[in-house]
Amino acid sequence: MKKLICFIFPITALLGQINYTGSLKPGNMYSLSDQSEISLPFRLAEADVGYSLGDFEIKTNSALEYRWSNNENKFQLREAFLMWYPSWGEVKVGKQIHAWGAVDGNNPTDNLNPYDYYYMFLPGAERKVGTVSGSVKYYWNDWQFEGVFIPEHEGNRMPFGETAFPFDVPSAEPPLLDMEFDSEYGIRIQTTNELGDMSFSYFNGRDRAFDYVAIVAGMPLFSYRKTDVIGFDLVSFIGDVTNRFEVAYFITENDFDLDVMPFTEATYVQYAEQVEYTTSNDIMFSAQLIGSIEGDIEWDYSTNQRQTQTTVPIYNPGMGTPFAAFTDLGLSLGIQSTHLDNALDLKLNTFMDLKDPQFMFGVSTDYSPIDNWKINVSVSKFIGEDGTQFHSMEDFSHVKVGLEYHF
Amino acid sequence: MKHSLITLCLIGIVYSQTGLDIAKMVDEKPSPLDMANQTKMVLTNKKGKTRSLSMISRSMDGNKKQISWFLEPKDEKGVAFLKIEHDGKDDEMRMWLPAFKKVRRISSKKKGDAFMGSDLSYEDLSNRELDENEYNRLDDEIVDGKDCYVLEILPKKNAKSSYKKHISWIEKSTLMGVKEESFDKRGVLKKEKEYEFQEMKGYHVIKRVYVKDVQKNHSTEVTFSDVKVDSGIDEKLFQEKNLKRIPRD
């Protein structure tokens, strides 16, 4: 038997193919106000390693998280999954990052993975935490059917006790109600027609952000509420303008068996509308409107009584786009252009709260003097009046410098 | 006498060929059912600085269906591009962005946009529909010892072209383009293109394209290696799911 294994292993190794790609990204952040170092961890190195054999592929994504101030380092296996490519679609099993939705970044319909709040300002999958799950996607003509199963709930990675972190986070994780959660699942159907690409989705799971679910003797009790998300997204083209739209309807439920709860069921809607236009000299303009609308709240008597005794908000959305936590209506504008024979990328972006006086402004440059090397410099400035989220983030306004080597 | 008559008839036929006739001949020339290759693009700016891109490509239906996986630059390895041209409706273009874990539908209407920062626009990479252009035959010329038809190609309004016209030199013996000049909407020379072909399984298969944007003084050289034609590529390859998987060869 041992001989057989020894014989088979080299053959499969020869038949298969190992592929890899990765990067080293040392960098640091400095406060704009006093040029002091902002001590937060960052991903110093990342590697994607895969092995493919026939219709199967093993994919991994790992990172080394590092913090300059105390040389703290941590290995993160962000993804490790087996992928099978049958003729009809794809099957993935393991720790993985999913991506649903049509707009870039602030997707109300994309709730399959928790967020890593340390990387909230990074784009795409960089800000997500891989979750152990299984997914099946079936392709049929212009249709795609996708199902995702997540056996165990996972919440957002929060930066507890991080004084440098710009959001109000507790110094330690509050005690969460100890209870077993059901597994989670989601389905998504996408079709392509004359209008463009449109998708309908449904997700049944627990909130990614914990919230207080009851107040007992003046003390809040925290947990993750059960939430159903019904989503729709669309990509269409109007002349030379690309339109990406996404909307999600959330039904969140306090299904805990407690005597006093702030509410029994609440609904809310989040949407994001994005338009893009690229000029003939490759300058891309984009605008994204992000909105959140509170819906009905169902109460019981004791809830009503409790609510009058506290100033805590009735609930905080535990899913959807994190930007909805800042404002009910925000507008993000961006300009992106490339220069010097694509060696220099320039990005300008701003986020404006359309309800409260607060906004964020950012400028970033990526310069590649030689192949596979990049120097990046970015500046982010937060401005807001007293009482706004961005006011508390003013000290977090920073300049970020970094070097990248890709292999 | 008989020979003279035949020669005169042939000359008459050749000279009676209009620009459209020649364009039809080019269009009807047999082309591979499918093609696989490894493509290398070298972009050179006005200071002589170069940047390279390489990708694996598969195409069929005369390039109407095309899928490419980027290998270089390293920070873009895994990015993949799928294009499907439709008759009578908008083309479909999609990109797989590994960093976003997302297949992104992109606009196919801005034909003049540069493909991955090169001097080739999406329009340059697309097939030229016969009925979307007018063809005027100009005086024949010899280019690098090759006897060529010279056509003036004027895109019609419905072609939504970013060019006003093209002048194309087509080798008479192979009916393959040897070079082309493309003029912007103002009628000013924008691009000079050169083509080289190789014979394979009875087809003339492209081996090298050189494009120079004379207004930007920037050029792109595209070379094709490991070329395979009629290798029986499955039509199902041109599906979104295959963007995520770089082929082994």
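No lab work stands behind these numbers, since they all come straight from the coordinates. Every value quoted in this text rests on a predicted model; they were computed, and no experiment measured them. Neighbour counts are summed over all protein chains in view; Cβ atoms, including those assigned to glycine, are modelled from backbone coordinates with ideal geometry.
Could you pull out the pairs from B:Lys74/B:Lys179; B:Lys77/B:Lys201; B:Lys165/B:Lys241; B:Lys47/B:Lys83; A:Lys25/B:Lys244 whose alpha carbons sit more than 28 Å apart here?
Going by Cα-Cα distance, B:Lys74/B:Lys179; B:Lys77/B:Lys201; B:Lys165/B:Lys241; B:Lys47/B:Lys83 fall outside the 28 Å limit.
Once you have the alpha carbon radius of gyration of segment A:146-291, what is it after dividing by 2.2 N^0.38 Å, with N set to its residue count?
1.35
For segment A:73-147 and segment B:57-100, what is the centre-to-centre distance using only Cα atoms, to the nearest Å?
Taking the Cα centre of segment B:57-100 as reference, the centre of segment A:73-147 is 21 Å away.
Would you compute the Debye intensity of the protein assembly as shown from its alpha-carbon atoms alone, equal scatterers and no solvent, and pass along log10 I(q)/I(0) at q = 0.05, 0.07, 0.10 Å⁻¹ to two decimals?
Computed log10 I(q)/I(0) values: -0.29, -0.55, -1.03.
Classify segment A:92-171 as rounded, prolate or oblate from the Cα gyration tensor: take a ≥ b ≥ c as the square roots of its eigenvalues, call it rounded if a/c is under 1.5, otherwise prolate when a/b beats b/c and oblate if not.
prolate
Taking a ≥ b ≥ c as the square roots of the Cα gyration tensor eigenvalues, with a/c under 1.5 meaning rounded and otherwise prolate when a/b beats b/c, else oblate, which class fits segment A:13-135?
oblate
Take the alpha carbon atoms of segment B:13-127, find their radius of gyration, then divide it by 2.2 N^0.38 Å using N residues; give the quotient.
1.27
In segment B:32-102, what trypsin sites (Lys or Arg not before Pro) fall in a loop by DSSP, with at most 16 other Cβ atoms inside 10 Å?
B:Lys46, B:Lys47, B:Lys49, B:Lys64, B:Lys89
How large, in Å, is chain B by the Kirkwood hydrodynamic radius built from its alpha-carbon pairs?
19.5
When N is the residue count of segment A:320-363, what does its C-alpha Rg come to as a fraction of 2.2 N^0.38 Å?
1.48
In whole angstrom, note down how far apart the Cα centers of segment A:183-213 and segment B:154-200 are.
The two parts, judged by their Cα centres, are 47 Å apart.
Sort out for me the Cα centre separation of segment A:13-72 from segment A:358-407, rounded to whole Å.
Result: 19 Å between the Cα centres.
Which of the residue pairs B:Lys190/B:Lys228; A:Lys137/A:Lys400; A:Lys92/B:Lys89; A:Lys128/A:Lys347; B:Lys40/B:Lys157 have a Cα-Cα distance greater than 30 Å in the structure shown?
From the list (B:Lys190/B:Lys228; A:Lys137/A:Lys400; A:Lys92/B:Lys89; A:Lys128/A:Lys347; B:Lys40/B:Lys157), the Cα-Cα distance tops 30 Å for B:Lys190/B:Lys228; A:Lys137/A:Lys400; A:Lys92/B:Lys89; B:Lys40/B:Lys157.
Any idea what the relative contact order of chain B is, in percent, if you count C-alpha pairs under 8 Å spaced at least 6 apart?
So the answer I get is 20 percent.
Antiparallel versus total DSSP beta bridges in segment A:155-232: what percent is that, nearest 5?
Bridges in segment A:155-232 are about 95 percent antiparallel.
Could you identify which residue out of A:Gly155, A:Gly387, A:Gly22 has the top mean-square fluctuation in a GNM of chain A using Cα springs shorter than 10 Å?
A:Gly387
Based on the Kirkwood radius over alpha-carbon pairs, what value in µm²/s does the Stokes-Einstein equation return for the translational diffusion coefficient of segment A:140-214 at 4 °C and 1.567 mPa s?
82
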